[in-house]
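One structure is given here, and the rest of the page talks about it.
Only the coordinates and a few stated rules stand behind these numbers; no lab work does. Not measured: the values here are computed from a predicted model. Cβ: placed from backbone, ideal geometry, glycine included. Neighbour counts: every protein chain shown.
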Amino acid sequence: MIYIRSMLDTPARRGFLTGALALIATPWPALAQDDALAGAIRAAIGDTPVQDGGITLRTPPVAENGGQVPLTVLVDSPQTAERHVTAIHVLASRNPTPGIADFRLTPVMARAEVQTRIRLAEEQRIIVLARFNDGTVRRASAEIRVTTGGCLT
Amino acid sequence: MSNLNAPRVRIPRQVRAGETFEIRTLIEHPMETGLRQEAGRTVPRDILTRMVVRVNGELALEAALHNGTAANPFHVFYLKLDRSSDIEFTWTDERGREARHSARVLVA
């Protein structure tokens, strides 16, 4: 037993373990980004099931300048006390961090529409989640190609 | 604690009751992510994190802004009013700097 422990504790053995762990802990960057995106979606809507559609996303198919990309989100919904959108979450699939913006809306707004300008490091997918006052969540996404990446890093 | 530069807000001075009207806002801010290198050094993080719009004190729109929002955050949204109202805009960044704008919109 002592023999085995001492073997496990040899510097060579530790070096091997560290190397193996590093390999596991450093997957492809894309996988790390997928995890970050999944985490951000969970943070935004928890485990609420999502339905696709019912959201109009206006973005250019190709962004010349990734640093300033116009984005319009228009949710197909009235914005009345009875039926309205309470939140719009905007996420990016391949930025160094997935968060773009979270908007909280109230029936004081005339319609569930927000326009903003976002930045994209590279070609990727924009994901928009809209939560309604009954708790349901809708989703839309758009692919945007980027000629010159926005300077996030 | 210093203040942010004055934001630019485009809002009509007068609208009809129940009419949908557009508001455009632009505020100067670098939106530095803290991930960017310049001449081998990391540029310190400096993010404008919050924009709040209130109508007669009641929340209309609140934005939490993250790394993916472009520098000089720009937003367009739509309101409607049934009476003359005071619209209050507030922006706050992570360093505690703040900008405010207020507008009176008359309902004819």
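Is the C-alpha gyration tensor of region B:8-107 telling us rounded, prolate or oblate? Criteria: a/c under 1.5 is rounded; beyond that, a/b larger than b/c is prolate, otherwise oblate.
Because a/c hits 1.5 or more and a/b exceeds b/c, region B:8-107 counts as prolate.
By per-residue mean of other Cβ atoms within 10 Å, what is the highest-first order of B:67-79, B:34-46, A:33-45?
So the peptides B:67-79, B:34-46, A:33-45, ranked by packing, come out B:67-79, A:33-45, B:34-46.
If we sort A:67-75, A:80-88, A:92-100 on the protection proxy, mean other Cβ atoms within 10 Å, highest first, what's the order?
Most protected by this proxy first, the peptides run A:92-100, A:67-75, A:80-88.
Using θ = phi - 60° and the Karplus relation 6.51 cos²θ - 1.76 cosθ + 1.60, list the HN-Hα couplings for region A:46-61 in order, rounded to whole Hz, with x at every Gly or Pro.
x, 9, 4, x, 10, 10, 7, x, x, 10, 9, 10, 10, 9, x, x
Return the sequence-ordered ³J(HN,Hα) values of region A:99-112 in whole Hz as given by the Karplus equation 6.51 cos²θ - 1.76 cosθ + 1.60 applied to θ = phi - 60°, using x for Gly and Pro.
Listing the rounded values in order: x, 10, 6, 10, 10, 10, 10, 10, x, 5, 6, 7, 8, 7 Hz.
List every residue whose amide H lies under 5 Å from the amide H of residue B:4, counting only residues 5 or more places away in sequence or on a different chain, with H placed 1.01 Å from N in the peptide plane.
Amide H to amide H, under 5 Å and 5 or more residues apart or across chains, residue B:4 pairs with B:98, B:99.
Once you average over the residues of A:112-121, how many Cβ atoms of partner chains fall within 10 Å of each Cβ?
So the per-residue partner count for this stretch is 6.
Partner chain Cβ atoms within 10 Å, averaged over the residues of A:126-136 - can you pull that number for me?
Average per residue, whole number: 0.
Under a Cβ-only charge scheme (Lys and Arg +1, Asp and Glu -1), can you give me the dipole magnitude of chain B about the Cα centre, in debye to the nearest 20?
So the magnitude is around 220 debye.
Cβ neighbours within 10 Å, averaged per peptide: list B:92-101, A:121-130 in order, most packed at the top.
With the highest mean Cβ count within 10 Å placed first, the list reads A:121-130, B:92-101.
For residue B:36, which sequence-distant residues (separation of 5 or more, or a different chain) have an amide H within less than 5 Å of its own amide H, given hydrogens modelled in the peptide plane?
Correct list: B:43.
Only helical DSSP H runs with n ≥ 4 go in: add -39500 (n - 2.57) per run for the protein assembly as shown, normalise by residue count and round the 222 nm mean residue ellipticity to 500 deg cm²/dmol.
Using -39500 (n - 2.57) per qualifying helix, the result is -4500 deg cm²/dmol.
³J(HN,Hα) across region B:43-49 via Karplus (A = 6.51, B = -1.76, C = 1.60, θ = phi - 60°), whole Hz, x for Gly/Pro?
Per-residue couplings from phi come out as 6, x, 4, 7, 10, 7, 9 Hz.
Stretched out fully, how many nm does the piece from residue B:26 to residue B:98 gain, at 0.36 nm a residue minus the Cα gap?
Difference between extended and current length: 24.5 nm.
If Lys and Arg each add +1 and Asp and Glu each add -1, what is the summed charge of the other residues whose beta carbon sits under 11 Å from the beta carbon of residue B:6?
That works out to +1.
Sort all Cα-Cα distances of the protein assembly as shown into consecutive 5 angstrom bins from zero, then give the percent of pairs in each bin up to the one containing the longest distance.
1, 6, 12, 15, 16, 15, 12, 8, 5, 3, 3, 2, 2, 1, 1, 0, 0, 0, 0
From a point 7 Å beyond the Cα of residue A:81 in the direction of its Cβ, which residues of region A:90-129 have a backbone N at a distance under 13 Å?
A:107-108
Round to a whole angstrom and tell me the spacing of the C-alpha centers of region A:75-153 and region A:44-68.
Rounded to whole Å, the Cα centres lie 5 Å apart.
Could you work out the mean count of beta carbons from other protein chains within 10 Å of each residue's beta carbon in B:74-86?
4
Amide H of residue A:121 versus every other amide H placed in the peptide plane: which residues, excluding those fewer than 5 positions away on the same chain, fall under 5 Å?
A:150
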